[in-house]
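Q: I have a structure here, written as structure tokens, and I will follow up with some questions on it.
Coordinate-derived values only; no laboratory data. These numbers were taken from a predicted model, which means no experiment stands behind them. Using ideal geometry, Cβ is built from the backbone for each residue, glycine included, and neighbour counts are taken over all protein chains shown.
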Amino acid sequence: MIKNSPVMRICISCKKTYDRNNLLKITKDHKLGIMLNKGMGRSAYICKSNKCYSDSKIKKKLQKALKSNLDSNFFDIFEKEIANYK
């Protein structure tokens, strides 16, 4: 019997590897735009640590990982989602 290993992803802030289920997924879909925890397309992952999502350079890191400019409205929604994510 083949044992499935967990899918591992890297946090864009701390660069540590975690199981995909323990990370917040931010996805850029070419038709639907930016989505949190769903969708297919270019994705970036952030871990649960307070240090990672309160990083002063997180906006720049997200823009680089998703290869797009993100507006300030997205970051307001992102901060609310992070508050619920803890």
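Q: Describe numerically, in nm with one decimal, the distance between label points set 7 Å from Cα along Cα→Cβ at His30 and at Asn4.
A: 2.8 nm
Q: At 222 nm, what helix-only mean residue ellipticity would the chain give, in deg cm²/dmol to the nearest 500, using -39500 (n - 2.57) for each DSSP H run of four or more? Walk me through the intermediate numbers first.
A: Details: 3 runs with 27 residues, N = 86.
Computed mean residue ellipticity for the chain: -9000 deg cm²/dmol.
Q: With springs connecting C-alpha atoms under 10 Å apart, model the chain as a Gaussian network and identify which of Lys16, Lys31, Lys64 has the largest mean-square fluctuation.
A: Lys31
Q: Now for a different question. Report the residues of region 44-77 in range of a label on Cys14: point 7 Å along Cα→C-beta, backbone N strictly under 12 Å from it.
A: What the label zone holds, given the 12 Å backbone N cut-off, is 46-55.
Q: Past 27 Å, Cα to Cα, is the threshold; run Lys25/Lys60; Lys3/Lys51; Lys15/Lys38 against it and keep the listed order. Could the numbers behind the result be given before it?
A: Values: Lys25/Lys60 16 Å; Lys3/Lys51 34 Å; Lys15/Lys38 21 Å.
Result: Lys3/Lys51 exceed 27 Å.
Q: Please report the net charge: other residues with Cβ closer than 11 Å to the Cβ of Lys67, K and R +1, D and E -1. Walk me through the numbers on the way to the answer.
A: Working: positive: Lys28, Arg42, Lys64; negative: none.
Result for the neighbourhood of Lys67: +3.
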